[in-house]
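Below is one structure; the comments refer to it alone.
The values are calculated or read from the model by the stated rules, or taken from the named source; none is laboratory data. Given the structure is predicted, the values throughout are model-derived calculations rather than measurements. Here the Cβ positions follow ideal geometry from the backbone for every residue, glycine too, while neighbour counts run over all protein chains shown. Calculation scope for accessible area: heavy atoms of the full protein, side chains included, ligands and nucleic acids excluded. Shrake-Rupley method; radii C 1.70, N 1.55, O 1.52, S 1.80 Å.
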Amino acid sequence: MSGTSPNPPEPARDADAASRLQLTQALQRAKYAIAWERSWPVLARLLTVIGLFLVASWAGLWLALPFVARAIGLGLFALLALGSLFPLIKFRWPSREEALNRLDRGTGIRHRPATALTDTLVTQDPVALALWQAQRERTLASIKRIRAGLPSPRLAIHDPWALRALVVVMMVAAYIAAGDERLMRVAAAFDWNGVLSPANIRVDAWVTPPLYTGKPPIVLSAANKEATLPAAGPLAVPVGSTLIVRSSGGTLDVLAGGGVAEAAPTDQAPKGTNERHFTIAGDGTLHVRAPSGQPQWKFSAIPDRAPTIALAKDPERQARGSLQMSYKIEDDYGVTEAQAHFAVRPADGPKPAAEPRPLFDAPKFALVLPNARTRNGVGQTVKDLSEDPYAGADVTLTLTARDEAGNEGHSEPFNMRLPERLFTKPLARALIEQRRILALDANQNSQVYTALDALLIAPELFTPEAGQYLGLYSVTQELDAARTDDALRGVVASLWALAVTIEDGNITDVDKALRAAQDALKQALENGASDEEIKKLTDNLRAALDNFMRQLAEQARTNPQALARPLDPNTRVMRQQDLNSMIDRMERLSRSGDKEAAKQLLDQLQSMLENPQLAQPGQSGDGDMEQALNELGDMIRKQQQLRDKTYKQGQDSRRDRSRGKQGDPSMGDLQQDQQGLHDRLKKLQQELAKRGMGQGQRGEKGQPGQDGDPQQGDGDQDGLGQADGAMGDADGRLGEGNADGAVDSQGQALEGLRKGAQSLAEAMQQGEGDGQGDGPGTRAGRQQSGGVQTDPAGRPLHGREFGDDLTVKIPGEIDVQRVRRILEELRRRLADPQRPQIELDYIERLLKDY
C-alpha cells in the first residue's frame, strides 16, 4: 500500500498529526533502548575493570609495590580497559526500520501497527480508499498502546557466572577497610616519583623523647635507603616518645603496629613536605610503605619507673622547734615534686567509743629538691610545725616523690612524734596540751572546757597576772559558746595565742615576721616573680632579719647563761654581715636569672637560722681582715667603673677629632674620682700596717713571716703597692688628657688590687688553719677542714669572689629548647630538594653526628 495518501477530512487530519507526533516520540525511545542494549555489555566490562582497579587500590596493592611495579600494573589495567571498549568499534546507531520493528513487537498487536501508520495508498479506488481509511482509524485507535519497552541488554549471556556481582562485593569490603586513606591509596597508583625523579625525594625519620627525659632526638633515617640504626635488635626509646616521619614529596604511607600509634601533629609540616606523627607507648614496629625502599624499624619502649624516696636519717628537731628531714631521692629521669604526709598514729590500748573528729587535716607540705628534676641526690627540708595543732602528737610520716610522667613513689612509713615548741611556764604548757586535745578530737570539747574552768578556780595560784586571767576567762567563754567546728577552730587559735603571750611576750611576733618574709621570698622565686618584686621582698627579709638578730641579742643580755655555754666545734657562728652577705648574693643570683640557685641559698639561710648561735666577744679574730677584704672589693668595682668611663670618653674624644671638632673634653671629674680612690687605697694600707696585717705580720717582701714559713711573703702589700703606683700614674695621665695611657694604668691598678685581695684572703685562711680567729666556733664562710674556701652556708666558693668561677654549667631548659629549634631547622632544610647537594650532604652529616 505504498503511494500517495488520500486527503482526509479536517478532523481526521488533526488526529493523524497527533498520531504521527506520538509515533515519532515512540520511535526515538525505541532507538535509545536499542542503543543501550548494544552498548551496555561493553560499558559493563569497562566498569568491571574499573571496579577491579579500585579493589586493588583500596586494598593497598600499590603501597606494597615499588615504583616500577606500580607503573606496570597501571598499564595492565589501562590495556584491560581499552580491550573492554574494543567492541564499540562495531557500534552503529539504530535505524528507523529497527525502531519500527521494536514498536511492532512491543504493542502486542498483529499486523505491524506502527509500520502500517507509515504506509501510503497508491490507488484512487473509492472502495480501496474506504477500506484504507477504516483500517487506518483502527490503527489510530490502538496507537496509544505502542510502547518501546525497557532495554534488555541480556548481560547473563555475556557473564554467565555473574562475576560482576563478586566485583561489587569486593569493592564494598575494600572501601570499608581503606577508611580515610581511600584517596591516598588510589593516588599511590599514579605516584611514579621513584621512576621519574628518584633523586628529588627523600624520607627522614627521627624519634624525639619526652622533654623531661633530657635525651636527644634519635635520627632513624636520612635518605631513601639509608638508616643509621643497627640492623640487630629493636631500638630502645623512652615510653611516650614521638616518632616523626617526613617525606619531601610524593605519597607518604606508613604502617604502624604494636605500641606505635598515630598521633595528631603538634606543628605544621614545612611547605612541600608530608609528615606523620606517632606516639611510642609500647614495643612496636613502623614501616614506611610509600615511598618504597624504606626499612622497617622496631622499637622497644623503656618504661618510666616510679621514683624512690627514703629517709636518709631520722627526722630531727631544731633549736626553734622546727622539723629537719633529710631524704634520698632517685629516679631515672628526675623528680619534679616531693611531699611529706603525716597521719595520726592510733593510740595503744582500748579503742574509744566514738571515732575521733579532728578539726584540722594532718600536716602535708612540699619537700625541697636538691635541684630541678633530681635524678639522684640527698635533699633537706626544714619545716616549722611548732604552731601546727598536731605538734607533739604521735604520727606516721610518709614521703612521696612524683616525676613529670605522673609516676609516684612512697617511702616506708616512719613512726615519730612531731616536734613541738617547748613552753617553760606551767600555765602555757597546760593551755597547749588542751589545745592539742581539742584540735585532734572535737568530741573532747567538754573535757577541755572542764580543764580550762578548773584553771580559773584559784587565780592567785595559776594566773596571778590580771591579763592572763582575763585571757583565760575569755577563751573559756568562747569555748562554752562554740557550737560549730569553725567556732572550735577559733578556740584552738585563741589557746595558741594566749599560751605564746604568757610564755615570751613579743619575741614571737619577730619570729613570725622573719618566717613570713622567708616564705614570701621563697614563693616569689618559685613563681618567677619580677626583679622589682624580688628586690622588695629581699629588703623585707633583710629588715626582718635585723629585728630578729636584735631580739636574739636582747635575749642573750637578759640570759647570761646562754653566753656561758661552750660551743660545739661544728656549730655555725652567725654574724650579721654574713647573713646580709647571703641575702645580697641571693638578690644578685635572682637578677641574673638563676632563680634555682637563689632558692637553694634561701633554704640554706633558713637552715642556719633554725639553730642560731651569735658571735660572742672574743670570736672576731679576723673581722678586721674581712672588713679590709670588703673595702678592697668595693674599690675594685669602683676602679672598674672609672676605667670604663675613661675608655668611653677617650673614644668620644677621638671621634670628635676625626670630625674636625676642636678642643678636648675635660677629664677633671675622672681625675678627681681617680684621686679619691688613690687616697682610699693609701688609707687602707696604713690601717693594714697598724693592725699588723702588712709588713708587720708577714715581714719584708720575699722574707719569712713571723711563723717562719718562707712561702709567706708580703703578697698583699706587693699587689697593693703595684696598685698604688698604677693609680698615681693614672692620675697624672688623666691630668694630661691622655685617656689611652690612663686606661692602661687603671688596668694595672685593677690587677694589683685583685692580687692584694687574693693574698689577703689566703692570709685569712692560713690564720684560721693555724687555729687563730674564731676560736672554738667555726664560722661559716671560712675555710673548712679540707682547706676549701666556703661561703656562709658552707659551700665551696671556687674563686667566685674574684671572677674565677670554675663550676660546671649545666644547660638549662632554655638551652635545650634552642637546640631543638636548631635541629628542626636543619631537618627542614634537609627536606628541601632545591638546595645544593653539597649543603644537603653537610646537613645530613650534622644530623648523623648529633
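Looking at the stretch 452-467, which of its residues are open to solvent by less than 30 Å² (accessible area, probe 1.4 Å) and either part of a helix (DSSP H, G or I) or more than 22 Å from Glu503 (Cβ to Cβ) (or both)? Can you show your working first?
Step one: list which residues in the stretch 452-467 are open to solvent by less than 30 Å² (accessible area, probe 1.4 Å), which gives 452, 455-456, 458, 463.
Listed by number, the residues that qualify are Leu452, Leu455.
Do we have Arg305 as modelled with pLDDT under 90 and of a type in the set (Lys, Arg) here? Spell out how you get there, then give the answer.
Values: modelled with pLDDT under 90: no; of a type in the set (Lys, Arg): yes.
No.
Could you go through the stretch 384-391 and let me know if any residue there is surrounded by fewer than 19 Cβ atoms within 10 Å (Cβ to Cβ) and within 27 Å of Lys522 (Cβ to Cβ). Before the answer, list the steps.
Step one: of the stretch 384-391, the residues surrounded by fewer than 19 Cβ atoms within 10 Å (Cβ to Cβ) are 387.
Applying the additional criterion that residues be within 27 Å of Lys522 (Cβ to Cβ) yields 387.
Yes: the stretch 384-391 contains one or more residues that are surrounded by fewer than 19 Cβ atoms within 10 Å (Cβ to Cβ) and within 27 Å of Lys522 (Cβ to Cβ).
If only one of Ala372, Ala391 is farther than 22 Å from Glu316 by Cα and touching a helix residue (DSSP H, G or I) at 6+ places or on another chain (Cβ under 9 Å), which one is it? Give the derivation first.
Numbers: Ala391 fails: farther than 22 Å from Glu316 by Cα.
The match here is Ala372.
Go through the stretch 205-219 and give me each residue that's open to solvent by 10 Å² or more (accessible area, probe 1.4 Å), in a strand (DSSP E or B), in contact with a helix residue (DSSP H, G or I) (Cβ under 9 Å, 6 or more places away or on another chain) and under 26 Å from Gln834 (Cα atoms). Talk me through it step by step, then tell me what you get.
Step one: filter the stretch 205-219 for residues open to solvent by 10 Å² or more (accessible area, probe 1.4 Å), giving 208, 210-212, 214-219.
With the extra rule that they be in a strand (DSSP E or B), the set shrinks to 208, 218-219.
Filter once more, keeping what is in contact with a helix residue (DSSP H, G or I) (Cβ under 9 Å, 6 or more places away or on another chain): 208, 219.
The one that is open to solvent by 10 Å² or more (accessible area, probe 1.4 Å), in a strand (DSSP E or B), in contact with a helix residue (DSSP H, G or I) (Cβ under 9 Å, 6 or more places away or on another chain) and under 26 Å from Gln834 (Cα atoms): Val219.
Please enumerate the residues belonging to the stretch 430-439 that are of a type in the set (Lys, Arg) and either open to solvent by less than 30 Å² (accessible area, probe 1.4 Å) or touching a strand residue (DSSP E or B) at 6+ places or on another chain (Cβ under 7 Å) (or both).
From the stretch 430-439, those of a type in the set (Lys, Arg) are 435-436; that's our starting set.
Within the stretch 430-439, just Arg435 meets the criteria.
Tell me the residue from Val169, Val122 that is modelled with pLDDT of 70 or more and either under 30 Å from Val254 (Cβ atoms) or among the aliphatic types (A, V, I, L, M) (or both), please.
Values: Val122 fails: modelled with pLDDT of 70 or more.
After applying the criteria, what remains is Val169.
Within the stretch 384-407, work out how many residues are over 26 Å from Ala493 (Cβ atoms) and in contact (Cβ under 8 Å) with a residue 60 or more places away in the chain.
Counting residues in the stretch 384-407 that are over 26 Å from Ala493 (Cβ atoms) and in contact (Cβ under 8 Å) with a residue 60 or more places away in the chain gives 8.
In the stretch 400-429, which residues are outside any loop (DSSP other than H, G, I, E, B), modelled with pLDDT of 90 or more and either open to solvent by 20 Å² or more (accessible area, probe 1.4 Å) or hydrophobic (A, V, I, L, M, F, W, C) (or both)?
The initial filter retains those residues of the stretch 400-429 that are outside any loop (DSSP other than H, G, I, E, B), namely 400-403, 408-410, 414-417, 426-429.
Adding the requirement that they be modelled with pLDDT of 90 or more leaves 400-403, 408-410, 414-417.
Once the filter is applied, which keeps residues that are outside any loop (DSSP other than H, G, I, E, B), modelled with pLDDT of 90 or more and either open to solvent by 20 Å² or more (accessible area, probe 1.4 Å) or hydrophobic (A, V, I, L, M, F, W, C) (or both), the stretch 400-429 yields Ala401, Arg402, Glu408, His410, Phe414, Asn415, Met416, Arg417.
In the stretch 446-463, is there at least one residue being out of contact with any strand residue (DSSP E or B) (no Cβ under 8 Å at 6 or more places or on another chain) and either within 30 Å of Gly240 (Cβ to Cβ) or touching a residue at least 60 places away in the same chain (Cβ under 8 Å) (or both)?
Start the filter on the stretch 446-463 by keeping residues that are out of contact with any strand residue (DSSP E or B) (no Cβ under 8 Å at 6 or more places or on another chain), which leaves 446-463.
Cutting the leftovers down to either within 30 Å of Gly240 (Cβ to Cβ) or touching a residue at least 60 places away in the same chain (Cβ under 8 Å) (or both) gives us none.
No.
So which pairs qualify, if the first residue must be in the stretch 22-48 and modelled with pLDDT of 80 or more, the second must be of a type in the set (Lys, Arg) and part of a helix (DSSP H, G or I), the Cβ gap must be under 6 Å, and the two must be at least 6 apart or on different chains?
Close Cβ pairs (under 6 Å, with a partner that is of a type in the set (Lys, Arg) and part of a helix (DSSP H, G or I)) amount to Thr48/Arg164.
For the stretch 304-315, does any single residue satisfy the condition of being surrounded by 16 or more Cβ atoms within 10 Å (Cβ to Cβ) and more than 30 Å from Leu397 (Cβ to Cβ)?
No, the stretch 304-315 has no match at all.
In the stretch 271-293, which residues are modelled with pLDDT under 80 and either open to solvent by less than 40 Å² (accessible area, probe 1.4 Å) or within 18 Å of Arg185 (Cα to Cα) (or both)?
First, the residues of the stretch 271-293 that are modelled with pLDDT under 80: 271-272, 289-293.
Correct list: Arg289, Ala290, Pro291, Ser292, Gly293.
Can you give me the ranges of the strands (runs of 3 or more DSSP E) entirely in the stretch 281-359 with at least 3 residues that are within 20 Å of His410 (Cα to Cα) and of a type in the set (D, E, K, R)?
323-344
Since Phe365 meets every condition but one in (1) outside any strand (DSSP E or B); (2) in contact (Cβ under 8 Å) with a residue 24 or more places away in the chain; (3) under 24 Å from Ala439 (Cα atoms), which condition does it not meet?
It fails just one condition, (1).
Report yes if Val219 is modelled with pLDDT of 75 or more and over 30 Å from Arg246 (Cβ atoms), otherwise no.
Working: modelled with pLDDT of 75 or more: yes; over 30 Å from Arg246 (Cβ atoms): no.
Judged against the criteria, Val219 is not a match.
Is it fair to say Lys351 is open to solvent by 30 Å² or more (accessible area, probe 1.4 Å) and touching a strand residue (DSSP E or B) at 6+ places or on another chain (Cβ under 6 Å)?
On the way: open to solvent by 30 Å² or more (accessible area, probe 1.4 Å): yes; touching a strand residue (DSSP E or B) at 6+ places or on another chain (Cβ under 6 Å): no.
So Lys351 fails the test.
I need every pair where a residue in the stretch 205-218 that is under 18 Å from His287 (Cβ atoms) has its Cβ under 9 Å from the Cβ of a residue that is part of a loop (DSSP other than H, G, I, E, B) and hydrophobic (A, V, I, L, M, F, W, C), sequence separation at least 6 or different chains.
Ile218/Leu229
Which condition number in (1) modelled with pLDDT of 75 or more; (2) within 50 Å of the chain's Cα centre (by Cα); (3) open to solvent by 10 Å² or more (accessible area, probe 1.4 Å) is the one that Gly752 fails?
Of everything listed in (1) modelled with pLDDT of 75 or more; (2) within 50 Å of the chain's Cα centre (by Cα); (3) open to solvent by 10 Å² or more (accessible area, probe 1.4 Å), Gly752 misses just condition (3).
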